[in-house]
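Colleague: This is the structure I have questions about; it appears just below.
The values are calculated or read from the model by the stated rules, or taken from the named source; none is laboratory data. As the structure is a prediction and not an experimental result, all values here were calculated from the model. Heads up, the Cβs are rebuilt from the backbone with ideal geometry, glycines too, and the neighbour counts pull from every protein chain shown. These area figures cover heavy atoms from the full protein model, side chains too; ligands, DNA and RNA do not enter into them. Shrake-Rupley method; radii C 1.70, N 1.55, O 1.52, S 1.80 Å.
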Amino acid sequence: MTPISDLSRSLAPFDQNTTLTAVIELSEASWLVAGLIPGVEREPLKKQEPDPIALLRLLERWRVEAVRAGRTIGQITVAFEAGRDGFWLARWLQARDIEVHVVHSTSVAVSREHRRAKTDRLDTAMLMRVFLGWLRGERGHCRMVAIPTLEQEDAKRPSRERESLVGERTRIVNRMKAALARLGIRGFKPTLRKAPQRLDALRTPEGVPIPPNTRDEIRRDMVRLAVVREQIDVIEQARLVRLEQAPAAGPHAMVRLLARVVGVGLETADMLVQEVLSRNLRDRRAVARYVGLTGSPDESGKRRREKGLAKAGNARVRRGLIQLAWRLLRFQKESALAQWYRARTDGPKGARKTTMIVALARKLLIALWRMVTIGEVPAGVVLRQTP
């Protein structure tokens, strides 16, 4: 079994006398690189263009300085915060035998002053401090992000693009309905195939046709809607083709297994697998924490209260799971999870359904995770027959 690390601390030995350590504050205009060179008292800070070749030359120059100071550099380790630039730089440096770590930006503790000073120089110094603590194996300094491969990142794009297109489809439809409602026209469905042909026949309550500018605007929105629908269909068809041609192992096998659960569609199964279930997470607590379905207690002295969900994880998976939990109650009524939910919400003294559905979503995620990892089907869950 592949060893699992929570990435909260380094498990490898760290020798500061033979390791060149550098951190990078990335931005669109420039990179600020700070270094800790063995044998050199000064701590250099270099601002440069966002160029990986220039970064490589800078690291080599610092290595030469350490050699001149009588130190042997056995390792170069670099860290930067996860953000807009993604992971391409980490993969690029790894291909050149440089150890790279990507820091989870929200795991770095910052000053709680109301108006704290914040500059790239201060952020770089703070990042260097927490990175050194992490390298020494001390917990609580920061957490690292698992660096995905290019294929793993690309596998998430169809589901995310489809979600964006579905949102765009909803916005277009709502905009057309709002334009018609301003004229007093209700009941017209712009999503129908014959809606463009029926548009000219519409009349306002005053008995006059739709004004020309509004009519042209709605027609343009209908053209956009047709394009968005076509793109959604292309994504869904391409996914089916990939699943048919993919090997019966790895993430594709997980997708096929989840899609057998009655009430779970192919889109939901693909999203869950690519976003969370295919990750090498440590245990069920790590699975729930990654999605943000864990509590956020507030305790101080005698005060004890719960502030609700942490919501610090993957919001896309969290939204999909809550929707899937409602579908579970409809399509898997005899399952143990559905019975657990009804036992706590039925009756006048039952808990609020909107509160318990979140707890059900957490249990459902862990059950599906166990299903795709160790093959344990949730109790009472009905599966579709394989063709």
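Colleague: What are the pairs with Cβ atoms under 9 angstrom where one residue, in the range 24-48, is at negative phi and open to solvent by 50 Å² or more (accessible area, probe 1.4 Å) and the other, located anywhere, is among the basic types (Lys, Arg) and in a loop (DSSP other than H, G, I, E, B)? Sequence gap at least six, or different chains.
Modeller: Once the first residue is at negative phi and open to solvent by 50 Å² or more (accessible area, probe 1.4 Å) and sits in the range 24-48, its partners that are among the basic types (Lys, Arg) and in a loop (DSSP other than H, G, I, E, B) give Glu28/Arg84.
Colleague: Kindly indicate which of Val100, Val108 is open to solvent by less than 50 Å² (accessible area, probe 1.4 Å) and at pLDDT below 95.
Modeller: The conditions single out Val108.
Colleague: I'm trying to understand the selection: among the residues of the range 268-295, which are assigned to a helix (DSSP H, G or I), open to solvent by less than 30 Å² (accessible area, probe 1.4 Å) and of a type outside the set (A, V, I, L, M, F, W, C)?
Modeller: Those that are assigned to a helix (DSSP H, G or I), open to solvent by less than 30 Å² (accessible area, probe 1.4 Å) and of a type outside the set (A, V, I, L, M, F, W, C): Thr268, Asp270, Gln274, Glu275.
Colleague: Considering only residues of the range 121-165 that are part of a loop (DSSP other than H, G, I, E, B) and among the basic types (Lys, Arg), which is least open to solvent (accessible area, probe 1.4 Å)?
Modeller: It comes out as Lys156.
Colleague: I'm trying to understand the selection: among the residues of the range 1-31, which are modelled with pLDDT of 90 or more and among the aliphatic types (A, V, I, L, M)?
Modeller: Result: Leu20, Ala22, Val23, Ile24, Leu26, Ala29.
Colleague: Turning to a different aspect of this structure: If I go through the range 221-246 residue by residue, how many of them are touching a helix residue (DSSP H, G or I) at 6+ places or on another chain (Cβ under 8 Å) and either assigned to a helix (DSSP H, G or I) or open to solvent by 30 Å² or more (accessible area, probe 1.4 Å) (or both)?
Modeller: 15
Colleague: Restrict the check to the range 68-81 and report whether at least one residue is on the phi < 0 side of the Ramachandran plot and part of a helix (DSSP H, G or I).
Modeller: Yes, that holds for at least one residue.
Colleague: For the range 64-84, indicate whether the set of residues that are in contact with a His (Cβ under 7 Å, 6 or more places away or on another chain), within 30 Å of Lys311 (Cα to Cα) and either hydrophobic (A, V, I, L, M, F, W, C) or modelled with pLDDT under 95 (or both) is non-empty.
Modeller: yes
Colleague: All but one of (1) within 30 Å of Ala315 (Cα to Cα); (2) open to solvent by 20 Å² or more (accessible area, probe 1.4 Å) hold for Arg193; state the number of the condition that does not hold.
Modeller: Going through (1) within 30 Å of Ala315 (Cα to Cα); (2) open to solvent by 20 Å² or more (accessible area, probe 1.4 Å) one by one, Arg193 breaks only (1).
Colleague: On the given criteria, is Glu168 among the acidic types (Asp, Glu), within 36 Å of the chain's Cα centre (by Cα), more than 30 Å from Asn280 (Cα to Cα) and part of a helix (DSSP H, G or I)?
Modeller: yes
Colleague: Just one of Ala312, Ala359 is in contact with a helix residue (DSSP H, G or I) (Cβ under 7 Å, 6 or more places away or on another chain) and over 27 Å from Ala249 (Cβ atoms); which is it?
Modeller: Ala312
Colleague: Moving on. Does the range 72-102 hold any residues that are among the small types (Gly, Ala, Ser) and either over 11 Å from Ile147 (Cβ atoms) or without any contact (Cβ under 8 Å) to a residue 24 or more places away in the chain (or both), and which are they?
Modeller: Result: Gly74, Ala79, Gly83, Ala95.
Colleague: Starting from the range 243-255, take each residue that is farther than 16 Å from Pro158 by Cα and list its partners that are surrounded by 10 or more Cβ atoms within 10 Å (Cβ to Cβ), counting only C-beta distances under 7 angstrom and pairs at least six apart or across chains.
Modeller: Met254/Val273; Met254/Leu277; Met254/Ser278; Met254/Val372
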